[in-house]
1. Give the lysines whose C-alpha is closer than 27 Å to that of Lys66, dropping any in the same chain fewer than 8 places away, or say none.
2. How big is the shadow of the Cα convex hull of segment 32-79, averaged over all directions, in nm²?
3. May I ask you to work out the translational diffusion coefficient for segment 124-206 at 4 °C, viscosity 1.567 mPa s, via Stokes-Einstein with Rh from the Kirkwood sum over Cα pairs, reported in whole µm²/s?
4. Where both partners of a DSSP beta bridge lie in segment 106-168, what percent of those bridges are antiparallel, to the nearest 5?
5. Applying a 10 Å radius around every beta-carbon, put 75-82, 183-190 in order of their mean neighbour count, most first.
6. After finding the eigenvalues of the alpha carbon gyration tensor for the chain, what semi-axes result from the square roots of 5 times each, listed largest first in whole Å?
7. Distance between Cα centroids, segment 44-66 to segment 145-165: provide it in whole Å.
8. Is it possible to state the helix-based mean residue ellipticity at 222 nm for the chain, with each DSSP H run of 4+ residues giving -39500 (n - 2.57), the sum divided by total residues, to the nearest 500 deg cm²/dmol? What is it?
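Please treat every number below as a calculation from the coordinates, not as lab data. This is a predicted model, so every value here is computed, not measured. Quick reminder, even Gly has a Cβ in these numbers, built from the backbone with ideal geometry, and neighbours come from all protein chains shown.
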Amino acid sequence: MCAAQLQVGDLAKLVTKDTFDKGFNNKLDIHHRGGDFVCGDCAALWSKDYLQSYSKSYATTKGVFKLSSNEDVQAFLLSPPSPPFVAIFNTRQQQHMIWRTPVCLSQDVMIVRVDDELIHIRRQLALDGARAWRSIESCMKVIGIKGLPARLERTLCDEGMGVIRPDVIKAALAHSPASAKAIGVLQTMRVGEWWALCALRHIDQDAPSTWPTPIQVLPLAPGAPGLPVEVDD
């Protein structure tokens, strides 16, 4: 499933006719279709806990951490984990996410799987975009324009997400060079940065004492309690 190289003695589960039945919806994501074994790691990820309980999380060499609330996303971006890590944000029921997600090797361009979509977050641009958003909101308040500068939706279900309102663009460009520059920053962002902005717009980047800290939900250490996995010889 994940293309791991199995060695003699590694934990593995034999593939049978029932392993990838009609209820398995990710056949095209299997890296080696027609293989004889599923590795022990992918077998563990098939448990209900990983399909549901940890469906909004990121895993590093230090453990598994929450990626559910705005505060979790803020902690993830403001204090990014050291690579390698895998990050998922699932809004559906019991979806295979972790083994389908590329391992991220960078803190500058962070990869997150949001349901079936892979987004790439240019971290510094996301942080700059959050500052620009707050600047535009201040501009709108002065001018008397109500609402949000653009549509936001962190489940990626709204095709209009990240579309800046034309009236806001016009007003900001006429208001000041600083507001015009802020609009320019927002216009350079792609879906990954807009997804990040949904959380980052609520935090003051200039007040590190207010930043949330990552919340660990599962350890990754030799001998640490884990989930029971049935593995065939």
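1. Lys48, Lys56
2. Mean shadow area of the hull around the Cα atoms is 4.7 nm².
3. Diffusion coefficient, whole number: 103 µm²/s.
4. Counting DSSP beta bridges with both partners in segment 106-168, the antiparallel share is about 90 percent.
5. 75-82, 183-190
6. Ellipsoid half-lengths, sorted descending, are 41, 19, 13 Å.
7. A separation of 29 Å, based on Cα centres.
8. Counting only the DSSP helices, I get -8500 deg cm²/dmol.
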